[in-house]
Every structure is written in C-alpha cells, then in structure tokens.
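The values are calculated or read from the model by the stated rules, or taken from the named source; none is laboratory data. Fair warning: this is a prediction, and the values are worked out from it, not measured in the lab. Cβ coordinates were reconstructed from backbone atoms using ideal geometry, including for glycine residues, and neighbour counts include every protein chain displayed. To get the accessible areas, we keep the full protein, side chains included, count just its heavy atoms, and leave off ligands, DNA and RNA. Shrake-Rupley method; radii C 1.70, N 1.55, O 1.52, S 1.80 Å.
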Amino acid sequence: MIRSIPGSQVFRFLLLGGLAAAINWLVRFPLSLVLPFSWAILVAYAIGMSAGFTLYRAYVFPGSDRAIGPQVAIFLAVNVMGAVIVWSVAMALVERLFPAIGYTFMPLATGHGIAIGVGAAANFVGHKFLTFRISHAARAPSA
C-alpha cells in the first residue's frame, strides 16, 4: 500500500521518516522521566532509527542490491552521524540559542523537533547514496 503512494522517493522518505521522527520525538517524553534530557535524546533516536530502517528498506529504497548485513552497518554509521547532528543541534538550541533570544515556550520539545528535521535532511542523503544505494551493475539494462 505504501509503495503505491504517488510521488517521489523523497516524498516517501519524508512521510515514513516523519513517522520514525514522530516515534523518536514522542518516546523522548517518557524517557525524560527516567533519563537526563541529553541521554533521552540519544535513546529516543535509537528507537526511531530502528523503525526508520525497517520502513526505508521496505518502502523507500526497496531496490537496493546490497546485502542486509552491510545495509545495517552503513545504516548505523549514517545514523550515528545523524545522531551527532541531532544531539548537537538540540543542545545548541536549548543551551545556547534559546536562552540568548529569550525563547521559553517548550524549549526542550521545540529544540529536539528542530534538530530532528536537520538530521532528517542529512540522513536522506546518506541513506540514498550509501546505505541503500543501487550499484551501477544493477541499474544497467541487460543486453
């Protein structure tokens, strides 16, 4: 059903990435009850990342000829970089920018949400060209 959604790969990535991001964002709230904000971001990211791999592999980048093991390894590497981006942006917003400009409306939720968006752009590029790439041989028409 999801594969039949009209539109581009970017649209499907954003739609399903949005679902994975929503999972990431929402699970951070209960995690923050038992973990410091900084750690809750990282654990929530890992949960959202697991959902994202499953969804992206099945519905966004289904034609990859890369074996599952290397896909998982590269997916994790891309997402480690994504986690660094999300964590850095969230912490910079919450600890530096928001206090400097006097922003006080739900700063943790807002900072984390913005950071997830920044990380999503970086992840699309990494997953398209690294994790789920299709080799030139697989793209070439057979003679």
Exercise. Among what's in region 92-107 and is of a type in the set (A, V, I, L, M) and out of contact with any helix residue (DSSP H, G or I) (no Cβ under 7 Å at 6 or more places or on another chain), pick the residue that is nearest to residue 33 (Cα to Cα).
Key: 106
Quiz item: For residue 63, all conditions in the list (1) open to solvent by 50 Å² or more (accessible area, probe 1.4 Å); (2) part of a loop (DSSP other than H, G, I, E, B); (3) of a type outside the set (D, E, K, R) hold save one; what is the number of the exception?
Solution: (1)
Self-check item: Boolean, residue 42 is surrounded by 14 or more Cβ atoms within 10 Å (Cβ to Cβ) and touching a residue at least 12 places away in the same chain (Cβ under 8 Å)
Solution: yes
Quiz item: Just to be sure, is residue 131 open to solvent by 60 Å² or more (accessible area, probe 1.4 Å), hydroxyl-bearing (Ser, Thr, Tyr) and at negative phi?
Solution: no
Practice problem: Name the single residue, out of those in region 108-126 being aliphatic (A, V, I, L, M) and out of contact with any helix residue (DSSP H, G or I) (no Cβ under 7 Å at 6 or more places or on another chain), that is nearest to residue 98 (Cα to Cα). | Solution: 109
Practice problem: Could you pull out the residue among 116, 74 that is of a type in the set (A, V, I, L, M, F, W, C), part of a helix (DSSP H, G or I) and surrounded by fewer than 19 Cβ atoms within 10 Å (Cβ to Cβ)? | Solution: 74
Practice problem: Give the residues of region 7-34 that are at pLDDT below 90, polar (S, T, N, Q) and part of a helix (DSSP H, G or I), sorted by residue number. | Solution: 9
Quiz item: Which condition breaks for residue 91 when tested against (1) part of a helix (DSSP H, G or I); (2) open to solvent by 30 Å² or more (accessible area, probe 1.4 Å); (3) more than 20 Å from residue 12 (Cα to Cα)?
Solution: (2)
Quiz item: Would it be correct to say that residue 100 is in a helix (DSSP H, G or I), among the aliphatic types (A, V, I, L, M) and open to solvent by 80 Å² or more (accessible area, probe 1.4 Å)?
Solution: yes
